[in-house]
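*Asks:* Quick one: this structure, given as structure tokens, is what I'll be asking you about.
Read-outs throughout are calculated quantities, based only on the coordinates presented, and are distinct from any laboratory measurement. Since the structure is predicted, the reported quantities are computational estimates derived from the model, not experimental observations. Cβ placement follows ideal geometry from the backbone for every residue including glycine, while neighbour counts extend to all protein chains displayed.
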Amino acid sequence: MIVKAVAWAGDIDGYLEIIDQRKLPGEFVKLQCASTEQLYEAIKTLAVRGAPAIGVAGAYGLVLAGQKLRQSQSLKEAVSIIAKSCEYLGSSRPTAVNLVWALDRVIQRAKAFAARRPKGDLRSLREVLLGEADAIFQEDVDMCRRIGLGGEHLIKEGAGVLTHCNAGALATAGQGTALSVLFEAQKKGRKFKVYVDETRPLLQGARLTAWELQQAGIDVTLICDNMAGWLMKQGCISAVITGADRIAANGDTANKIGTYGISILAREHGVPFYVAAPSSTFDLSIESGQQIPIEERAADEVRFLGETRTAPETVAVYNPAFDVTEARDISAIITERGVIELPTAERIADHLR
């Protein structure tokens with residue numbers, strides 16, 4: 001079963017429906033976001049998460065912003081208001097480039113409409129917003145499938161595959177990025193085993209990826225984050241595959257905290273390390289991973305496990321949400337356009353061109 005993490009319901013006066021990933025796997029709950037404020041909170045608190053999914057959600061957030069426009073406003077004023085909503089929603093998660101990419105794409109579409117039809121009506125503008133958000137949604141669905149088809153050959157019969165965090169259907173509008181590769185390999189009839197890191201501190205691997213893979217009938221084993229190296233030493237891991245939240249021009253890749261350490265372990269043990277991500281995840285304005293902004297989250301995410309305190313109340317906490325894996329430790333990047341072997345700035349530029 002492939003779940004739908006985000007879906008628009010209705011026309012321009014509709015709402016965004018999302019799976020509340022904070023509740024999984026204990027409860028399967030859907031939220032109805034009917035305002036940009038609700039969506040901002042949903043993104044900020046990880047009710048919806050995963051770079052492609054929050055990009056799609058952000059695009060629909062501008063449709064929600066359009067619902068607040070008044071008939072007395074000019075088209076120029078309306079576009080200015082939508083642009084402010086872009087800035088507001090974009091500030092919710094600073095590392096994942098897909099969010100800013102999707103927001104910018106929708107607002108540019110709105111500006112182009114206003115430039116062509118300065119006397120146009122607000123309803124037509126709102127239809128343009130919804131049309132562009134729908135296009136981003138559908139492209140994401142198609143992108144996921146193409147990533148899976150392009151990378152499934154990397155998952156060999158009998159392989160032991162390690163993945164970190166969640167890069168499945170819950171992180172996209174389609175069937176995922178890294179997990180899409182596994183789903184397509186499964187469709188080919190290949191048998192393999194997936195080891196899922198729990199992914200501290202919010203346990204996206206334990207709560208989300210393990211749940212998704214079980215739903216799909218894939219052989220999955222959950223491990224603690226600090227067990228990956230020992231499994232590699234024992235020969236249990238023959239490939240690592242993760243998603244990405246931002247990829248610099250040289251191939252340095254930001255992903256969930258803990259990914260960097262796994263890449264070093266993989267290099268030490270001669271295990272190929274693959275990244276699966278859409279081309280929209282590349283940020284060519286950033287030369288290397290040193291320039292990628294790293295979101296730092298609330299201390300209580302580390303001090304607590306769910307509702308249970310696991311650390312002293314006043315202990316200092318460092319809680320970066322992401323780290324950066326260097327391109328030299330990435331065997332290949334799988335996009336909807338194909339596979340970039342041993343990524344470099346030149347190979348990435350050629351691939352995206």
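*Asks:* Could you tell me which residue out of L213, A298, A228 lies farthest along the dipole of the range 152-352 toward its positive end? Charges go on the beta carbon: Lys and Arg +1, Asp and Glu -1, centred on the Cα centre.
*Replies:* Going by the charge dipole, the pick is L213.
*Asks:* Further question on the same structure: So if the hydrodynamic radius of the range 190-246 is defined as the Kirkwood radius over C-alpha pairs, what does Stokes-Einstein give as its diffusion coefficient at 25 °C and 0.890 mPa s, in µm² per second?
*Replies:* It comes out at roughly 203 µm²/s.
*Asks:* Full-extension gain between Q214 and D350, please, as 0.36 nm times their residue separation minus the C-alpha to C-alpha distance.
*Replies:* Value of the extension gain: 45.2 nm.
*Asks:* Shifting gears a bit: How high is the relative contact order of the chain, given as a whole-number percent (alpha carbon pairs under 8 Å, six or more residues apart)?
*Replies:* 16 percent
*Asks:* Starting from the Cα of H269, step 7 Å along the direction of its Cβ; do the same at R309; then give the gap between the two resulting points in nm.
*Replies:* My value for the distance between the label points is 3.7 nm.
*Asks:* Turning to a different aspect of this structure: What is the fewest-to-most order of I330, I19 by other Cβ atoms lying within 10 Å of their Cβ?
*Replies:* Ascending number of Cβ neighbours within 10 Å: I19, I330.
*Asks:* Okay, moving on. Rounded, prolate or oblate: pick one for the range 152-352, where a ≥ b ≥ c are the square roots of the eigenvalues of its C-alpha gyration tensor, a/c under 1.5 means rounded, and failing that, prolate if a/b is larger than b/c, else oblate.
*Replies:* The shape class here is oblate.
*Asks:* Another question, then. Could you pull out which residues in the range 47-74 have an amide N less than 14 Å from a spot 7 Å beyond the Cα of E37, following the Cα-Cβ vector?
*Replies:* Taking a point 7 Å out along Cα→Cβ of E37, the residues of the range 47-74 whose backbone N falls under 14 Å are 65, 68.
*Asks:* For the chain, with a Gaussian network of springs between Cα atoms less than 10 Å apart, report the residue from Q71, Q204, Q175 with the top mean-square fluctuation.
*Replies:* Per the Cα network of the chain with a 10 Å cutoff, Q71 tops the list.
*Asks:* Another one. Rounded to whole Hz and in sequence order, give me ³J(HN,Hα) for the range 320-332 from the Karplus expression 6.51 cos²θ - 1.76 cosθ + 1.60, θ = phi - 60°, writing x for Gly and Pro.
*Replies:* Rounded to whole hertz, the list is x, 7, 9, 9, 10, 8, 6, 4, 4, 9, 9, 6, 6.
*Asks:* Right, here's the next one. What residue among C86, C33, C236 shows peak mean-square fluctuation when the chain is described by a Gaussian network model with Cα springs under 10 Å?
*Replies:* C236
*Asks:* Then there is this: Between K111 and K84, what is the label-point separation in nm under the 7 Å Cα-to-beta-carbon projection?
*Replies:* 1.8 nm
*Asks:* Suppose every Lys and Arg Cβ carries +1 and every Asp and Glu Cβ carries -1, with no other charges. What dipole size does the range 152-352 come out with about its Cα centre, to the nearest 20 debye?
*Replies:* 660 debye
*Asks:* K4: which lysines have alpha carbons under 19 Å from its alpha carbon, excluding same-chain residues fewer than 8 sequence positions away?
*Replies:* Result set, ordered by chain and number: K23, K30.
*Asks:* Please report D350, D134 as a ranked list, fewest other C-beta atoms within 10 angstrom at the top and most at the bottom.
*Replies:* Going from least to most buried by this count: D350, D134.
*Asks:* Over all distinct Cα pairs, what is the inverse of the mean 1/r for the range 72-229, reported as the Kirkwood hydrodynamic radius in Å?
*Replies:* After inverting the pairwise mean of 1/r, the radius is 18.0 Å.
*Asks:* If you don't mind, another one. Which one of F113, F304, F192 has the biggest mean-square fluctuation once the chain is modelled by GNM with Cα springs under 10 Å?
*Replies:* Per the Cα network of the chain with a 10 Å cutoff, F304 tops the list.
*Asks:* A follow-up question, please. With each label point set 7 Å from Cα along the Cα-Cβ vector, what nm distance links E27 and V317?
*Replies:* 2.2 nm
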